[in-house]
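To start, the structure under review is shown below, and the notes come after it.
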Amino acid sequence: MKKVSVFAPASVANISCGFDVLGLCLDNVGDTLHIEKSATPGIRITEIIGQKLPLETEKNVAGVAALALLKDYGQNVGFTIKLEKGIKPGSGIGSSAASAAGAVVGINHLLSNPYSKSELISFAMEGERIACGSAHADNVSPVILGGFTLVRSLDPLDVIRLNTPLELVATIIHPEIEVKTADARAVLLDKLHLKQAVAQTANLGALVTGLFKEDYELIRRSLVDHIVEPVRSVLIPGFQQLKDNANAAGALGTGISGSGPSVFALSKGMETAHNVAKAMEEVYQKIGVPYETHISIINNEGVKIV
Ligand code: HSE
C-alpha cells in the first residue's frame, strides 16, 4: 500500500473534573489527512487546506508527530502529508491532537502497523508539545483509542479506555475567538487548597464510575470542576449564562472544552442535545457573539482509515 487517507476526529479534553486526565472523542468533526509514501526520506507537508498553518515539518504538529515516529522506526522511509483542516486551531476541540494523531495512525498503517496504540499516543504527544508547550495526552488519547479515556500517568505512559454510555451526546458551542492552549495554561494557578483537591478527586472518581455504570444521574452530579473552570471561564464570553441555559435545557453538565473557548455540554439523548444547542445559541444571539455549534455522539472508534 502506497497511500492512505484518514479521518481524525475532534475531541473534548478535561471533561470538567479531569484536567489533563480525561478526554472523549467526537464523531462528525475532524481533520482529513492524505498520506503517501515518498522516495525522499523524512516528512514533507505538501498542502494545508482550510487553515493557515506552517508547512515546515518541524513547525507543524502533524509533521513533528510523524518525525517522532520515524525517528523511532529508524529506517530511511519518507512520507508526504496533505492536511485538510476541518477543526479550527485554538477552538478547544483538539485541533492539534487530531492532526498529530491522524499523521501517526496513517503512517503506522502504511508501515503495516509496527506500533501499538499506546506507542502512537506517545508520538502524537510530541505534536502537542510544539503546539502548546506541554506534551499532554488528554486529547490525543481519545482520538487514537476512541471513546472516553483517562491518562493515569504520562511517564511511563498509562492510558485507560473507559466505558461510553450509549445515550450520551455532546453539544459544543464555539464562540468565534481563538484561545491558545499555551495562554490558557499560563493563567492557571500552580497551588491548590486541599479542599479543592478533595472535591475534584471525589468528582473524578464518581464520573468514571458513572460512565462504567451508565448511571446518568451520577454523571450529572459529577460534572463539576472546582479547580480550572473558575480561573479559565473569564476568557469565555457569556460562560455562566451558557452553562445555566444548557443545564436548564436538560444537559447533564456543562464545562469548558479543553482549554476553551468552546464550551461542551453532555446530554442523555439526541433530542436533549439539540435543545441544549438551541439554549446555548440563544445566549450568543442575545449578546452578539458569532458562534458555531456541533452536536455529536461519542465516537468509539477514533481515527479511521477512509
Ligand atoms: N488539558 C489541556 C488543557 C487540554 O486544558 O490545557 C488542552 O486542549
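The values are calculated or read from the model by the stated rules, or taken from the named source; none is laboratory data. Computed from a predicted structure; not experimentally measured. As a convention, Cβ positions derive from the backbone with ideal geometry for all residues, glycine included, and neighbour counts pool all protein chains shown.
Taking the options Ile107, Ile43, Ile93, Ile81, name whichever one is of a type in the set (A, V, I, L, M, F, W, C), under 30 Å from Leu192 (Cα atoms) and surrounded by 22 or more Cβ atoms within 10 Å (Cβ to Cβ).
Working: Ile107 fails: under 30 Å from Leu192 (Cα atoms); Ile43 fails: under 30 Å from Leu192 (Cα atoms); Ile81 fails: under 30 Å from Leu192 (Cα atoms).
Going through Ile107, Ile43, Ile93, Ile81 in turn, just one is of a type in the set (A, V, I, L, M, F, W, C), under 30 Å from Leu192 (Cα atoms) and surrounded by 22 or more Cβ atoms within 10 Å (Cβ to Cβ): Ile93.
So in the stretch 3-20, with the set limited to residues that are near the ligand (Cβ under 8 Å from one of its atoms) and surrounded by fewer than 24 Cβ atoms within 10 Å (Cβ to Cβ), which one is nearest to Glu36 (Cα to Cα)? Result: Asp20. Report yes if some residue within the stretch 226-244 is in contact with a Pro (Cβ under 9 Å, 6 or more places away or on another chain) and among the β-branched types (Val, Ile, Thr); otherwise report no. Scanning the stretch 226-244 turns up at least one residue that is in contact with a Pro (Cβ under 9 Å, 6 or more places away or on another chain) and among the β-branched types (Val, Ile, Thr). Residues of the stretch 21-41 include at least one that is away from the ligand (no atom under 16 Å from the Cβ), assigned to a loop (DSSP other than H, G, I, E, B), of a type in the set (S, T, N, Q) and farther than 30 Å from Ser222 by Cα.
Which residue, of Gly260, Gly250, is part of a loop (DSSP other than H, G, I, E, B), among the small types (Gly, Ala, Ser) and in contact with a strand residue (DSSP E or B) (Cβ under 7 Å, 6 or more places away or on another chain)? Please lay out each step first, then the result.
On the way: Gly260 fails: in contact with a strand residue (DSSP E or B) (Cβ under 7 Å, 6 or more places away or on another chain).
Going through Gly260, Gly250 in turn, just one is part of a loop (DSSP other than H, G, I, E, B), among the small types (Gly, Ala, Ser) and in contact with a strand residue (DSSP E or B) (Cβ under 7 Å, 6 or more places away or on another chain): Gly250.
Return the residue satisfying two criteria in turn: it lies in the stretch 20-48 and is in contact with an Asp or Glu (Cβ under 9 Å, 6 or more places away or on another chain) and among the β-branched types (Val, Ile, Thr), and of such residues it is farthest from His136 (Cα to Cα). Among those residues, the one meeting the criterion is Thr46. Limited to the stretch 75-113, what total is found for residues that are more than 13 Å from Gly50 (Cβ to Cβ) and not in a helix (DSSP H, G or I)? Residues flagged as more than 13 Å from Gly50 (Cβ to Cβ) and not in a helix (DSSP H, G or I) within the stretch 75-113 amount to 14. Evaluate the following for Asp72: is it modelled with pLDDT of 95 or more, closer than 19 Å to Val140 by Cβ, surrounded by fewer than 16 Cβ atoms within 10 Å (Cβ to Cβ) and in contact with a Phe, Trp or Tyr (Cβ under 8 Å, 6 or more places away or on another chain)? So Asp72 passes the test. Name the residue that is surrounded by the most Cβ atoms within 10 Å (Cβ to Cβ), counting only residues in the stretch 188-226 that are away from the ligand (no atom under 16 Å from the Cβ) and of a type in the set (D, E, K, R). The residue in question is Arg220.
I'm trying to understand the selection: among the residues of the stretch 148-164, which are among the acidic types (Asp, Glu) and either touching a His at 6+ places or on another chain (Cβ under 8 Å) or in contact (Cβ under 8 Å) with a residue 12 or more places away in the chain (or both)? Please lay out each step first, then the result.
From the stretch 148-164, those among the acidic types (Asp, Glu) are 155, 158; that's our starting set.
Within the stretch 148-164, no residue meets the criteria.
Condition check ((1) modelled with pLDDT of 95 or more; (2) within 19 Å of the chain's Cα centre (by Cα); (3) assigned to a strand (DSSP E or B)) across all residues:
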| residue | (1), (2), (3) |
| --- | --- |
| His136 | no, yes, no |
| Asn163 | yes, yes, no |
| Leu192 | no, no, no |
| Ala206 | yes, no, no |
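Here Ala265 fulfils each of the conditions (1) touching a helix residue (DSSP H, G or I) at 6+ places or on another chain (Cβ under 8 Å); (2) in a helix (DSSP H, G or I); (3) under 26 Å from Arg161 (Cβ atoms); (4) touching a residue at least 60 places away in the same chain (Cβ under 8 Å) apart from (2). Here Glu167 fulfils each of the conditions (1) in contact with a strand residue (DSSP E or B) (Cβ under 6 Å, 6 or more places away or on another chain); (2) free of Cβ contacts under 8 Å to residues at least 24 places away in the same chain apart from (2).
So which residues in the stretch 239-264 are surrounded by fewer than 23 Cβ atoms within 10 Å (Cβ to Cβ) and within 16 Å of the ligand (Cβ to nearest atom), if there are any at all? Scanning the stretch 239-264 gives a single hit, Phe239. Just one of (1) crowded, with 24+ Cβ neighbours inside 10 Å; (2) at pLDDT below 95; (3) more than 16 Å from the ligand (Cβ to nearest atom) fails for Gly127. It is (3). Taking the stretch 227-238 as the range and being touching a residue at least 12 places away in the same chain (Cβ under 8 Å) and within 15 Å of the ligand (Cβ to nearest atom) as the test, the residues that pass are Ile227, Val228, Glu229, Val231, Arg232, Ser233, Leu235, Ile236.
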